1. Across the residues of A:96-103, average count of Cβ atoms on other protein chains within 10 Å?
2. Other chains' Cβ within 10 Å of A:69-81 residues: what's the mean?
3. What is the residue of chain A with the smallest Cβ distance to the axis taking A onto B, and what is that distance in whole Å?
4. State, as an integer percentage, the relative contact order of region B:253-384 based on alpha-carbon contacts under 8 Å between residues 6 or more apart.
5. If you average the sequence gap of Cα pairs under 8 Å that are 6 or more apart and divide by the length of chain A, what percent do you get for the contact order?
6. Could you list the square roots of 5 times each eigenvalue of the Cα gyration tensor of the protein assembly as shown, that is, the equivalent ellipsoid semi-axes, sorted largest first and rounded to whole Å?
7. Taking a threshold of 24 Å on the Cα-Cα distance, which of the pairs B:LYS235/B:LYS327; B:LYS494/B:LYS568; A:LYS34/B:LYS158; A:LYS235/A:LYS284; B:LYS284/B:LYS310 fall above it?
8. Give me the one-decimal Kirkwood hydrodynamic radius in Å for region A:16-112, with the sum taken over alpha-carbon pairs.
Protein chains: 2
Amino acid sequence: MRTTQYLLATLREDPSDAELISHKLMLRAGLIRKQASGLYTWLPTGLKVLRKVEQIVREEMDATGASEVLMPMVQSADLWEESGRWGDFGPELLRIKDRHHRDFCLGPTHEEVITAMIRDEIRSYKQCPAVYYQIQSKFRDEVRPRFGVMRAREFLMKDAYSFHTSEESLEETYQVMYQAYSNIFNRLGLEFRAVIADTGAIGGSTSHEFHVLADSGEDAIAFSTGSDYAANVEKAEAIAPSETVPNASQEMEKIATPDAKTIDQVSQQLGMPNTQCLKTLIVKGSSETQPVVAICLRGDHELNELKVEKHELVAAPLEMASDEIIKQTTGANPGSIGPVNLNIPMLVDRDAAVMADFSCGANEDGFHFVGVNWGRDATIGEVFDCRNIVEGDTSPDGKGTLEVKRGIEVGHIFQLGTKYSEAMKANVLSENGKSVTLTMGCYGIGVSRIVAAAIEQNHDDYGIIWPDAIAPFQVAIVPMNMHRSHRVAEHAEKLYQALTEAGFEVLFDDRKERPGVMFADIELIGVPHRIVISERGIDAGNYEYKHRRHNDKIDVEIDNALTFLKEKLA
Amino acid sequence: MRTTQYLLATLREDPSDAELISHKLMLRAGLIRKQASGLYTWLPTGLKVLRKVEQIVREEMDATGASEVLMPMVQSADLWEESGRWGDFGPELLRIKDRHHRDFCLGPTHEEVITAMIRDEIRSYKQCPAVYYQIQSKFRDEVRPRFGVMRAREFLMKDAYSFHTSEESLEETYQVMYQAYSNIFNRLGLEFRAVIADTGAIGGSTSHEFHVLADSGEDAIAFSTGSDYAANVEKAEAIAPSETVPNASQEMEKIATPDAKTIDQVSQQLGMPNTQCLKTLIVKGSSETQPVVAICLRGDHELNELKVEKHELVAAPLEMASDEIIKQTTGANPGSIGPVNLNIPMLVDRDAAVMADFSCGANEDGFHFVGVNWGRDATIGEVFDCRNIVEGDTSPDGKGTLEVKRGIEVGHIFQLGTKYSEAMKANVLSENGKSVTLTMGCYGIGVSRIVAAAIEQNHDDYGIIWPDAIAPFQVAIVPMNMHRSHRVAEHAEKLYQALTEAGFEVLFDDRKERPGVMFADIELIGVPHRIVISERGIDAGNYEYKHRRHNDKIDVEIDNALTFLKEKLA
């Protein structure tokens, strides 16, 4: 492709309305343009990347044996009434009326359409497992679309659905999909993690999210240095420490701690590390007979609300008790409370349970105890996982320790169960002639989102650094002052022809621009391989080669250039 | 693909709600299923065909140098307000409101979005011509969706747009597109005609429609046996006959023709062929000073309203004069009127103008003249093309004669002009630094409609007969009673492996079905090449080969089968 015949559409300045680096770079590198809030046009360069991602997804889906279909994006409300989601789904579901005032919606997902189709087409267990996928534009009416295509309203998605007559079959297909997703992200050349996830609004039981790792990611992910274990930080288990409780070596003593309200202030006043201080929180209980529950954590640990609110004694969603209630219950204000003589239900975090000779509030404003020991000085409550994991924690599978990184969710696989098939009566005849409700799985990939996530993970101050597999062009030819040098022009044209004929995707910068402008554009767009052709180089018998990811420039003999590039691009 | 692991979804019976043969066959062959009125899911077999059509369209668009983009299907009303179409477009434009009550629509076409994009991205004449295309789902809220995907509400379309700084450049790109469209339909293996067309609601001047020929087509097309000339029958010019007017050989005479109201009745009563009778019609004129105009046609010819209403004397849209006005103007009722002593403006069709010794109404109820000659008996009005062409007419380009066939419109190319660029202020700087309004072309292909049109043109009583280029599978392997014959199974598996490894798309019917059922399905789906493997054949050292389009079966030596098929499929 010659830049003079191409909508390069690069911008010099950062667009003012873009916050995220991928959003800025997608605009600046001429990948997308905004049409309206959350609605984008994919320009030629962006679409080339999008199609490459799409093709890798398609090939790996085909390799699983799944069949591609294409469902309508406009869906009849009748189906959503059947599943019960017409009423349940929030305003993200864009509801529309056609010219005859019939209700439709723009599909944000296709469980209803596929389940209705399967109900009509699949009659026997012999036709199961049945696995279908599509790659299609979806619409979700986000209340505040932002970050470019990362959270757009219209976006390209791969959604797959599987239908089974047994849990074992669903589990098997789920594993196949898990592997296919891993293959996809490996082929895309992206660093990713499959993490255990909450199933959220779609329903069902087991589920994994696939995250592309990037500092700007919305989610924090804990993963093991010694195994495949990975989970959203909120879901990662903080396992019981292997240490046993040390023996008590101090006597309990009450010490004045005026104005020490936070753990850090207490730790400082007492001259003890915060790992030696016990933090006590009072939260609302789940019943009127037990209106409050105490939570004890090691001073350096943070409460995990999701874990604690799952305990039967605790109100869900979690709510902290008011200062008034705390005073009434403990006799002190928050900041001076502790488990000694505290007569309410208590959850003690696993790490707090192995503390000895610790400090805690004395349930008297301005006083703390030191040298406290469980059992001797305070009755220990139920030991329970109450905290967020931190880096360095032992992995829940016992292998290695946990690291925390940030990730962007680009894929999600669910074992859906019978939520839709039951509501919509998708049954088949089993081997022994009985009607059974199909069990479902569903498997999504945000195809357009992957493009943004790839940039979040792969960029520098100069622009995008595409993984080879999804680069819009494989190689760029940058001739120096070609319009003044016939020799440079001739060499550039010849190399362009040769590479194009060899089937490579070449961006040939034949503009009448200064070298600096050309270099900046090629780096901004992120073309992996770059060849510079100049008078001086030709005199020395060389072209100059550089990879976008590395700083070193290599002189390549002109006669050897094609072979050299073919090897690099292979 | 093994049929046991595939959603074949063939139906034995004709679906009751399908009228058109392609609609019936697409349902019966398992290509599509209806989700709601005008909304279809493409099942695996249908999608394979659709993707092949799409890929051929994409390749030929790329070959023109056009760049692929992808615009949002949901479009902001603001752009449609700018172009003036928000108010103008009928209820086919599905207008929607998002959660913030802002107006949007589902794109039936993308002139507004692309023009807005070009206005921002293209600054200079140097960037022109700029040609972009996309392949995308469109939505048109048809009042009565019907004929399956032939007239669906959601459909796949290729739409392209070009931007120019001169008419010459537009004309050039128009020719390139014309050629690309011809290449596409040739590669698809379809019999088609490019016909001169009205531009309709989109506006602009020159335009061609591309029609796939099929008896069920909605449009009548006239085309020459001796040249490329083709036009919609309504637009085809009826050129002046080469004959000069014969000399008068009879005297004018008035004859009673009681109760003869139609040309056929007159012709019968007078014992003259209707080609010798003149038909006179009275239509409304375009001004109050000339309230009526007479149109004279040869008795066997039909009035072409579109042609006549374009004449400045005639009211548009065309309206026939009332009986009362006719009586008042001519003195007679329709059926007895003619040009003799008729003192109103008159258009005489070119063929009517070369008649001699003809009959016509005497402007007196129940009487006709015979032996009438122009000039001597009646003043001839303006000679004008007033009629529909008929088969056998000389082609307007003088080469060959016209035939009339029916066609299905699958493509349309327009020279749009400045309708959108002017309204939306899409200007660039010209070579001499002045701002000029861009001139546009637009070019559409109904990708999903092509699938239906291909079937309308290619089918028989047994099902679809795909052109090779778009067949869902290239070859089918049909083993006879494979589940009872280990030998047949082994041969079938081996051939399936070999063909699949050679990169061919094979449908391997490994179902436990009777041969008749398998043959019927393979023919219904329309797989071009079929191999039957049987015990008897193996004993004789042969497989049986048949092409879907031909009746003869060929015995192919087993050892030679792979080579034979590779040649056939190449």
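Laboratory data are not the source of any read-out in this text; all were calculated from the coordinates shown. Keep in mind the model is a prediction, meaning the values are calculated, not measured. Cβ sites come from the backbone with ideal geometry, for glycine too, and all protein chains shown count toward neighbours.
1. Counting Cβ atoms of other protein chains within 10 Å of each residue's Cβ and averaging gives 5.
2. 6
3. Value returned for chain A: A:ILE96, 2.
4. That works out to 28 percent.
5. 17
6. Equivalent ellipsoid of the protein assembly as shown: 71, 36, 34 Å, largest first.
7. B:LYS235/B:LYS327
8. 16.6
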